[in-house]
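Below is one structure, written out as structure tokens; the observations come after it.
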Amino acid sequence: MGSTFEIVGRGLVKGRGQGPLLITREPISFYGGVDPETGRIKEKGHELYGFTVSNAILVFPYGKGSTVGSYVLLRLAKRGKAPAGIVNILSEPIVVVGCMLGGIPLMDNPEPNPIELKKSIDGLEAQITIEGKMGSLRVISNV
């Protein structure tokens, strides 16, 4: 029998998304760190190097890098390669604007911190839903 838990935070960009969780303890630069054609993390040495952000609920502490990162998020959205949603510990303007432009649900200040729960969440057979406006990340486990 499954179980449900909810992570709540500050809703920043409205929208609803579903997908697998992709969690990293490292910040992400969308400009130069993510391939805008494929959605793959291409920053050498990054914990998620080679993984795709496409259709995943991407959890990372904060963004870094150039303001062009906002347009990379928009480009990903236009190509159907954007994350299904983003959860940050603290969102900064580059990520907020990119999510607004691309219609990507966004929340930050999550409690409990999903990055700290990474070991218990990784590989979990679950349905994950983000409600950006509500600041809610719901995990419904299938086991």
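Looking at segment 100-113, can you tell me whether even one residue there is modelled with pLDDT under 95, of a type outside the set (Val, Ile, Thr) and within 20 Å of Gly11 (Cβ to Cβ)? Yes, there is a match, as at least one residue in segment 100-113 is modelled with pLDDT under 95, of a type outside the set (Val, Ile, Thr) and within 20 Å of Gly11 (Cβ to Cβ). With a requirement of 1 or more residues that are at pLDDT below 95 and of a type in the set (S, T, N, Q), the strands (runs of 3 or more DSSP E) lying completely within segment 1-90 that satisfy it span 4-13.
Table: residues versus (1) in contact (Cβ under 8 Å) with a residue 40 or more places away in the chain; (2) surrounded by fewer than 17 Cβ atoms within 10 Å (Cβ to Cβ).
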residue: Lys42; (1), (2): no, yes
residue: Tyr62; (1), (2): no, yes
residue: Ala82; (1), (2): yes, no
residue: Gly85; (1), (2): yes, no
residue: Pro93; (1), (2): no, yes
residue: Pro112; (1), (2): yes, yes
residue: Lys133; (1), (2): yes, yes
residue: Val139; (1), (2): yes, no
residue: Asn142; (1), (2): yes, yes
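The values are calculated or read from the model by the stated rules, or taken from the named source; none is laboratory data. It should be emphasised that the depicted structure is a prediction, and the values quoted were computed from it without experimental measurement. For neighbour counting, all protein chains shown are included, and Cβ atoms are generated from backbone atoms with ideal geometry for every residue, glycine included.
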